[in-house]
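The values are calculated or read from the model by the stated rules, or taken from the named source; none is laboratory data. This structure is a prediction, so every number in the text was calculated from the model and none was measured. Cβ atoms come from the backbone with ideal geometry, glycine included; neighbour counts cover every protein chain shown. These accessible areas exclude ligands, DNA and RNA; they are computed on the full protein's heavy atoms, side chains included. Shrake-Rupley method; radii C 1.70, N 1.55, O 1.52, S 1.80 Å.
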Amino acid sequence: MNKFVGYMNIVLLTVTLIALVVGSIQFEQRELLVGMVMMLVPLALTMFAMEPQPRCLHAAIIANAVVIGSIVWGAGASPALVPFLINMAALVRVWIRVKDQQGEQYRPDSTEVAAELMYEDPAENYFVRHWRGQLTLPVSYWVNNWGATALLWGLLVAANKFLPEVSLRMQSSAVLALHGLILIVGAWCAVGVWRSSKFHAARGGARVWAGAAQFLVVLGAIGTVSNFFLYNLPQIQEHWLIARDRDPLGHIETQLTRDRRGLVLSGNLGAGSADKIRAVLDQEPDVETLVLETPGGRVGEAALIARLVRERKLKTYVEGRCESACTVILIAGVDRAVTASAVIGFHRASFPGMSASLDKAMTDDLIEQYRAAGLPEDFLAQVRDTRADDMWYPTREELLGAHAIDRVSSGGEINRASKYDNKAYLEFEYAGDPIMGLINDHFAGAVKAAAAAAWQEREQGASDAAMWAAARKVILGYYQKLLRTADEPSIRSYLQIRLDQLRAARQVSDEACALQAGSSLDISEALSAELYERELTWVRASLGRMDQAPSRPPNASEFNGLMLRLEERLGSDVVAMARNPAAHAGSPQQLCAASLRFYEAVRALPQSERVLAARGLFQGVAE
């Protein structure tokens, strides 16, 4: 039977190792992986116990009993019990055989114990004496084992306090050293306790305590091996790459704006990002704003960058995507601005091999950084409740209400260096805009004309927003051709779109509203995607009617008479501002209010007058 059991364990052990090594069991399948790792220990120990001269017999019995108990506790009666029950039956037979052979002298007598403990000469080194089992079981277990555990916990506490102050590479190097120290100390403790327990009865101690100590050592070994494969190994692999400057997240990319007052950060916040950004800021003292375009990365790097932002009193600005660890930097700015189309996402912290305790510790640290920036508890609770594999995207109102941001920008606040440093690339960029692309498909040269207008603004040192405004006005010039063939429902639809865009821009800011009144706002950046899609749909439908006969522009006298009636109702200054926004751009609040009142009044006119007003405003009049 011993040969059968030995071969059975060899086969099972081989199959389990192949499954783990080849990778058919993934780290995410934690329950299955724990079970397979727990199988390794009793299978290996039983193989040794089946030899002609049994070794590790007690450990094999305890390990198989632990696995049987775990299976029964978790799944009840299961086919997985069969090999371990067979092992237990064989191990009991071996134990009885050994007992019969040795009788009452199965335990070594005091002379044999002394000889084995002495190893010819007693060790003077305390650590060697523990390793050999020459110390008593209470000293080995309670003093050395738990004392070493307390020391390691103290080192971990100190590391958690001081490591965040250094670079991520140094942190990873320290973590790797701690893992090595824990492995060495753990092995020293376990071997010393096991050897001491073997001689505990010979020293006059109770056999039950020796068995209990061995049971705890085996249980600890199984737990250690399971934790190693589940948690420690993925962490060690990640820290090893980081320590060697091979962070799998890559490195952050930096780009100065044309006026050198902004620094664009793009890509992942990998190890070394803070040092790279610090070096750039040291060389560029005029930088005032960090432009964030990153999906996140290492929280530790983000915290170091956030400290730089606070120390240098920098602004933070987002037009695109800022998620995960990026938000730690965003909330550090003295002025935190995002566009309406910006994507701001929060969730719990994450790291490979994340255990429940590490998850809590890292998330608590992240939450504390948010709390220090002044974010309210209800906001923090939502962040805490969002899993690391999920993302919470607060609304603009929620971000403002939590003071995660200070304002919503109308966009284009920076002067990008690389994005618009080539006129041909500018044309390519504009051609990729859905509305501009549609217009260019029907009116050849539209994008080229828009890019030329924007390029002229660039050569005068204008911002991205001013460049877009120049291009937008060129494109809107083609809208007049679309309106000539538009029917009345299309005219009313376009009027409603313009009014809704004004209302939405007002929610952003008076400045955004004033820009929209003058048709200079980048609606793709400053307003919602839904409003952009509505205009795109209107353009597409209007282009489909281009083969129809153009309608006659409204009569000038009829249109002017209607405007006079609106002046009587609203006031001549309101109508004048709404019809000539460029002349009143210096008063954005008044211009916004006047434009909204004017277009709302036009929207409230009877249908025939509403169409007359809209055609005259957007298409022009016949003299």
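Amide H to amide H, which residues 5 or more places from Ala388 or on other chains are under 5 Å from it, using H placed in the peptide plane?
Arg348
Which far-off residues, 5 or more places away or on another chain, put their amide H under 5 Å from the one on Gly345, with H placed in the peptide plane?
Answer set, sorted by chain and number: Cys322, Glu323, Ser324.
For labels at Asn422 and Leu241 in the simple 7 Å Cα→Cβ model, what's the distance in nm?
3.2
So how strong a dipole does region 331-428 carry about its Cα centre when Lys and Arg Cβ are +1 and Asp and Glu Cβ are -1, to the nearest 20 debye?
Details: 11 positive and 16 negative charges, 60 e Å.
Once rounded to the nearest 20, the dipole reads 280 debye.
Given Val508, Leu536, Ser524, which one lies farthest toward the positive end of the charge dipole of region 505-548, if we put +1 on the Cβ of every Lys and Arg and -1 on the Cβ of every Asp and Glu?
The residue sitting farthest along the positive end of the dipole is Leu536.
Nearest 500 deg cm²/dmol is fine: what mean residue ellipticity at 222 nm does the chain get from its DSSP H runs of n ≥ 4 alone, each adding -39,500 (n - 2.57), divided by its residue count?
Values: 28 runs with 390 residues, N = 623.
Estimated from H runs of four or more residues: -20000 deg cm²/dmol.
Where only protein heavy atoms count, and the probe is 1.4 Å, what is the accessible area per residue for the chain in Å²? Intermediate values should be presented prior to the final figure.
Working: 30580 Å² over 623 residues.
Heavy-atom accessible area per residue stands at 49 Å².
Run the dipole for region 451-536 about the Cα centre, Lys and Arg Cβ at +1, Asp and Glu Cβ at -1, nothing else charged, and hand back the magnitude in debye, nearest 20. Don't skip to the end; give the middle numbers.
Numbers: 10 positive and 13 negative charges, 67 e Å.
Computed about the Cα centre, the dipole is about 320 debye.
Summing +1 for each Lys or Arg and -1 for each Asp or Glu, what net charge is found among the other residues whose Cβ lies under 11 Å from the Cβ of Glu535?
On the way: positive: Arg498, Arg534, Arg540; negative: Asp500, Glu530, Glu533.
Value of the local net charge: 0.
Applying the Karplus parametrisation 6.51 cos²θ - 1.76 cosθ + 1.60 with θ = phi - 60° to the phi angles of region 394-410, what ³J(HN,Hα) value in whole Hz is obtained for each residue in order, glycine and proline being reported as x?
x, 6, 4, 5, 5, 5, 5, x, 8, 6, 5, 10, 9, 7, 9, 8, 7
Give me a comma-separated list of calculated 3J(HN,Hα) values for region 598-604, in order, Karplus coefficients 6.51, -1.76, 1.60 applied at θ = phi - 60°, integers in Hz, x for any Gly or Pro.
Result, ordered by residue: 5, 6, 5, 5, 5, 4, 8 Hz.
Report Rg (one decimal) and Dmax (nearest whole number) for region 304-406, counting Cα atoms only, units Å.
Taking only Cα atoms of region 304-406, I get Rg and Dmax of 13.2, 37 Å.
Please give, to one decimal in nm, the separation of the simple spin-label points placed at Val334 and Glu600, each 7 Å out from Cα toward the Cβ.
Placing both labels 7 Å beyond Cα along the Cβ direction yields 3.8 nm.
Students sometimes get this wrong: rank Tyr425, Tyr317, Tyr231 by accessible area, probe 1.4 Å, all chains present, largest first. All intermediate terms of the calculation are to be shown ahead of the outcome.
Working: Tyr425 90, Tyr317 5, Tyr231 50 Å².
The ranking, largest first, comes out as Tyr425, Tyr231, Tyr317.
Looking at the square roots a ≥ b ≥ c of the eigenvalues of the Cα gyration tensor of region 385-497, which shape do they give, rounded for a/c under 1.5, prolate if a/b is larger than b/c, or oblate?
Verdict is oblate for region 385-497.
Given the peptides 506-515, 602-611, arrange them by the average over their residues of other C-beta atoms within 10 Å, most packed first. Let's see the in-between values first.
Numbers: 506-515: 22.2, 602-611: 14.4.
Those peptides, ordered most packed to least, come out 506-515, 602-611.
With just the Cα atoms of the chain, tell me how far they stretch along each of the three principal axes, in Å, largest first.
For the chain, the Cα extents along the three principal axes come out at 124, 53, 43 Å.
Expressed in whole Å with the largest first, what are the equivalent ellipsoid semi-axes of region 383-443 derived from the C-alpha gyration tensor as the square root of 5 times each eigenvalue? Spell out each step's value before the answer.
Details: eigenvalues 248, 54, 38 Å².
Values for region 383-443, descending: 35, 16, 14 Å.
Cut-off under 22 Å on the C-alpha distance; same-chain residues fewer than 8 positions from Lys360 excluded. Which lysines are left, in chain and number order?
Output for Lys360: Lys161.
If I take R0 = 25 Å and measure r between the Cβ atoms of Glu609 and Asn580 in this structure, what FRET efficiency does the formula 1/(1 + (r/R0)^6) give, to the nearest 0.05? Mind showing how you got there, number by number?
On the way: r = 21 Å, r/R0 = 0.85.
After rounding, the FRET efficiency stands at 0.70.
Just add up the charged neighbours of Val191: K/R +1, D/E -1, any other residue whose Cβ is under 14 Å from the Cβ of Val191. Before the final figure, lay out the partial values.
On the way: positive: Arg129, Arg132, Arg195, Lys198; negative: none.
The answer is +4.
Just check region 463-570 against the gyration tensor rule for me: Cα atoms, a ≥ b ≥ c as the square roots of the eigenvalues, rounded for a/c under 1.5, and otherwise prolate or oblate depending on whether a/b exceeds b/c.
Values: a/c = 1.85, a/b = 1.22, b/c = 1.51.
Cα axes put region 463-570 in the oblate bin.
Grab the other residues whose beta carbon is less than 12 angstrom from that of Ala470, score K and R as +1, D and E as -1, and report the net.
Numbers: positive: Arg458, Arg472, Lys473; negative: Glu457, Glu459, Asp464, Asp522.
Result for the neighbourhood of Ala470: -1.
Probe radius 1.4 Å, ligands and nucleic acids left out: which of Arg244, Arg472 has the largest accessible area, and how do the rest follow?
The most accessible residue leads, giving Arg244, Arg472.
Across region 315-331, in residue order, what do the Karplus-derived ³J(HN,Hα) couplings come to in whole Hz, using 6.51 cos²θ - 1.76 cosθ + 1.60 with θ = phi - 60° and x for Gly and Pro?
8, 10, 8, 10, 10, x, 10, 9, 10, 6, 5, 4, 5, 4, 6, 3, 6
Projected onto the charge dipole of region 411-501 (+1 at Lys/Arg Cβ, -1 at Asp/Glu Cβ, origin at the Cα centre), which of Tyr494, Gly411, Leu483 gives the Cα projection farthest towards the positive end?
Going by the Cα projections, it comes out as Leu483.
Using the Cα centre of the chain as the reference point, and only Cβ charges (+1 on K/R, -1 on D/E), how large is the resulting charge dipole? Debye, rounded to the nearest 20.
Numbers: 61 positive and 67 negative charges, 183 e Å.
For this selection, approximately 880 debye.
Over 22 Å between Cα atoms, which of Lys423/Lys481; Lys3/Lys99; Lys276/Lys315; Lys99/Lys198; Lys448/Lys481; Lys276/Lys313 qualify? Write out the running numbers ahead of the final one.
Numbers: Lys423/Lys481 27 Å; Lys3/Lys99 20 Å; Lys276/Lys315 18 Å; Lys99/Lys198 16 Å; Lys448/Lys481 18 Å; Lys276/Lys313 18 Å.
Those over the limit are Lys423/Lys481.
How would you classify region 530-623 from its alpha-carbon gyration tensor, with a ≥ b ≥ c the square roots of the eigenvalues: rounded for a/c under 1.5, else prolate if a/b is greater than b/c, otherwise oblate? Could the numbers behind the result be given before it?
Values: a/c = 2.06, a/b = 1.30, b/c = 1.58.
Oblate.
Express in Å², to the nearest 10, the accessible area of Lys423 obtained by rolling a 1.4 Å probe over the protein heavy atoms while all chains stay in place.
80
Quick one: which residues, 5 or more positions from Leu256 or on another chain, have an amide H under 5 Å from its amide H? H modelled 1.01 Å from N in the peptide plane, none for Pro or chain starts.
Val264
Antiparallel versus total DSSP beta bridges in the chain: what percent is that, nearest 5?
Working: 5 of 25 bridges.
That works out to approximately 20 percent antiparallel.
Beta carbons within 10 angstrom, averaged per residue: use that to sort the peptides 128-137, 458-467, 274-283, highest first. Before the final figure, lay out each step's value.
Details: 128-137: 19.7, 458-467: 17.2, 274-283: 15.4.
Packing order, densest peptide first, comes out as 128-137, 458-467, 274-283.
Rounded to a whole number, what % of the accessible area of region 159-240 do carbon and sulfur atoms account for, probe 1.4 Å? Display every interim value, and only then the final one.
On the way: 3010 of 4240 Å².
Using a 1.4 Å probe with all protein chains present, region 159-240 comes out at 71 percent carbon and sulfur.
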